[in-house]
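Notes follow once the structure below has been shown.
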Amino acid sequence: MDEINELRPVDRQEHISVQDTGHREESIHVVEDLNAARRLGVSRFANLVALFFILIEAIIGLRVLLKLIAANPQNPIANFIFTLSDLFIWPFMGLTGLPSLENFVLDVPAIVAIFVYALVGWLVVKLIWLLFYWPAARSVRTVEKERDHIHY
């Protein structure tokens with residue numbers, strides 16, 4: 001039975017310190033969680049995934065804005081945004097029509113893509129937390145005892 005316990009990773013440490021000042025005894029019991037580094041790694045990874053999806057949504061949002069204000073597709077910045085966003089929009093192309101008035105276009109498939117990527121990003125981040133997060137466990141208990149002194 002002891003061999004099985006030795007093979008398990010240690011996820012907490014307990015420390016007890018006792019101070020005796022003569023007339024009073026103070027004991028501090030600290031239970032410390034050792035998985036803090038793991039939680040920090042999970043947090044950073046989840047934040048990177050969230051940032052990736054936010055960047056995708058921002059690029060698509062810029063596309064919607066540029067099409068809505070009839071930006072010149074020959075402009076290098078507009079061309080870069082359109083080309084980059086095409087990579088993320090292609091599954092949604094042809095989903096609906098593109099309402100337009102002269103050169104102003106409402107890119108409805110891109111708007112749908114923003115909502116879909118937001119939902120997928122939220123689900124992926126939640127899944128990361130559900131699968132890899134181990135909650136913290138730390139408790140501190142302090143006990144003070146007064147001593148009765150008997151003087152002879």
For this session: Could you work out the equivalent-ellipsoid semi-axes for the range 36-135, taking the square root of 5 times each eigenvalue of the Cα gyration tensor, largest first, in whole Å?
Result: 34, 14, 8
Problem set entry | Environment charge at Asn75 (Cβ cut-off 15 Å; Lys +1, Arg +1, Asp -1, Glu -1) | +2
Exercise. R0 = 25 Å: FRET efficiency of Phe115 with Asp86, Cβ-based, nearest 0.05?
Worked result: 0.85
Problem set entry | Protection proxy ranking of 24-30, 112-118, 72-78 - average other beta-carbon atoms within 10 Å, highest first | 112-118, 24-30, 72-78
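Every read-out reported here was derived from the displayed coordinates using simple, explicitly stated rules and does not represent laboratory data. In this text the structure is predicted, and so the values were computed from the model without any measurement. All Cβ positions, glycine included, derive from the backbone under ideal geometry; neighbour counts span all protein chains shown.
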